[in-house]
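Notes to accompany the following structure.
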Amino acid sequence: MSQADCIFCHLPQASIILENDLAVAFWDIHPVSQGHLLVIPRTHRSNFFDLSEEELLAINRLIQAGKTLIDQQYHPDGYNVGANVGLYGGQTVMHCHLHLIPRYRGDDPNPAGGIRKMLPNGQEFA
Ligand code: AMP
Ligand code: ZN
């Protein structure tokens with residue numbers, strides 16, 4: 001099912017980097033690091049918790065394939081993987097997407113905590 005006003009329901013075919021029956025992957029238009037990839041279900045789902053088990057498996061396969069691709073192209077030193085859910089979880093595009101964000105030595109002088117740092121009190125770690 002596709003939604004008329006959803007940008008991720010209307011991605012140009014040329015932007016698709018990896019795909020399978022239920023999911024597609026494409027580069028984030030505003031990458032937070034080199035190789036930032038998004039993985040989405042083909043069918044419009046509002047958020048991570050609306051995914052079927054089959055879609056979760058299909059998305060996970062593209063996350064794994066995306067890691068292989070990013071490792072080959074950019075040789076990152078780590079990754080963050082995750083989904084923002086809902087307005088107050090930071091979600092801005094309301095078609096479920098998983099962020100696969102490569103991390104590079106030195107991109108944060110104190111990387112400990114990773115995605116915990118999305119909240120100010122998450123910085124107090126290690
Ligand atoms: P979120 O804040 O988790 O909803 O993330 C939405 C992501 O989609 C952001 O990282 C945007 O840079 C990215 N984005 C928005 N529009 C596009 C687009 N047309 N193509 C690729 N990435 C996009
Ligand atoms: Zn959509």
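The values are calculated or read from the model by the stated rules, or taken from the named source; none is laboratory data. The shown structure was predicted, so the numbers you read here are calculated from the model rather than taken from an experiment. Every residue, glycine as well, gets a Cβ built from its backbone with ideal geometry; the counts of neighbours run over all protein chains shown. The area values use the complete protein model at the heavy-atom level, side chains included, leaving out ligands, DNA and RNA. Shrake-Rupley method; radii C 1.70, N 1.55, O 1.52, S 1.80 Å.
The residue pairs whose first member lies in the stretch 65-83 and is closer than 20 Å to Ala23 by Cβ, whose second member is surrounded by 17 or more Cβ atoms within 10 Å (Cβ to Cβ) and among the β-branched types (Val, Ile, Thr), and whose beta carbons are closer than 7 Å, counting only pairs six or more residues apart or on different chains, are Gly66/Val39; Tyr79/Ile101; Asn80/Ile101; Val81/Ile63.
Would you confirm, using the coordinates I've provided, whether Arg116 is over 30 Å from Asp5 (Cα atoms) and either within 16 Å of ligand 2 (Cβ to nearest atom) or in contact with a strand residue (DSSP E or B) (Cβ under 6 Å, 6 or more places away or on another chain) (or both)? So Arg116 does not fit the description; no. Cβ-Cβ distances below 6 Å connect no pair with a first residue in the stretch 1-15 that is within 11 Å of Met94 (Cβ to Cβ) and within 13 Å of ligand 1 (Cβ to nearest atom), a second residue that is open to solvent by less than 80 Å² (accessible area, probe 1.4 Å) and part of a helix (DSSP H, G or I), and a separation of six or more residues or different chains.
I need the full set of residues from the stretch 54-113 which are among the basic types (Lys, Arg) and closer than 13 Å to Gln34 by Cα, in order please. Within the stretch 54-113, Lys67, Arg103, Arg105 meet the criteria.
Scanning the stretch 110-124 for residues being in a helix (DSSP H, G or I), open to solvent by less than 80 Å² (accessible area, probe 1.4 Å) and of a type outside the set (Lys, Arg) gives a total of 2.
Once the stretch 81-109 is narrowed to residues that are part of a loop (DSSP other than H, G, I, E, B) and either among the hydroxyl-bearing types (Ser, Thr, Tyr) or at pLDDT below 95 (or both), the residue that is least open to solvent (accessible area, probe 1.4 Å) is Tyr104.
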